Amino acid sequence: MKRLEVVGEVIKAEWRLEGRLKLPWRPKVWSYEGCTTYIFDEEGLVKEHREEWNVGWVEVFLRTLAPDVAGIIYDL
C-alpha cells in the first residue's frame, strides 16, 4: 500500500498491484496503481465503495487473459 488516509467516515487507500494469476498459463498482472475509497454511514456500514485505476479495465483484462493481443494493441 502506498498511502492510507482516514478522515471522519472516509477511508482512502492508494495502492500498486502486480503479480501472477493461478491460471494454467500463469498470466502476469502488469503493474498498475489505483485508489480505493470507502464511505461509511452513521451505523459504521459501508455505504459507498469507489475504485480508480491509472489504466482502463479493458487494458488490464487483455494484458492478463490475452497478453499477445494486448502486446499488439498497447505496443508492449
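The values are calculated or read from the model by the stated rules, or taken from the named source; none is laboratory data. For clarity, every value in this text was computed on a predicted model and none was experimentally measured. Because the Cβ atoms are built from the backbone with ideal geometry, glycine has one as well, and the counts that use them run over all protein chains shown.
Could you name every one of the strands (runs of 3 or more DSSP E) located completely within the chain that has at least 1 residues being surrounded by 12 or more Cβ atoms within 10 Å (Cβ to Cβ)?
On the way: elements: 3-7, 10-20, 28-40, 46-53.
In the chain, the matching strands (runs of 3 or more DSSP E) lie at 10-20, 28-40, 46-53.
In the range 11-28, the residues that are under 16 Å from Val60 (Cα atoms) and of a type in the set (Asp, Glu) reach residues that are surrounded by 10 or more Cβ atoms within 10 Å (Cβ to Cβ) and at pLDDT below 95 with C-beta atoms within less than 9 angstrom, at least six apart or across chains, in these pairs: Glu18/Lys28; Glu18/Val29; Glu18/Trp30; Glu18/Ser31; Glu18/Tyr32.
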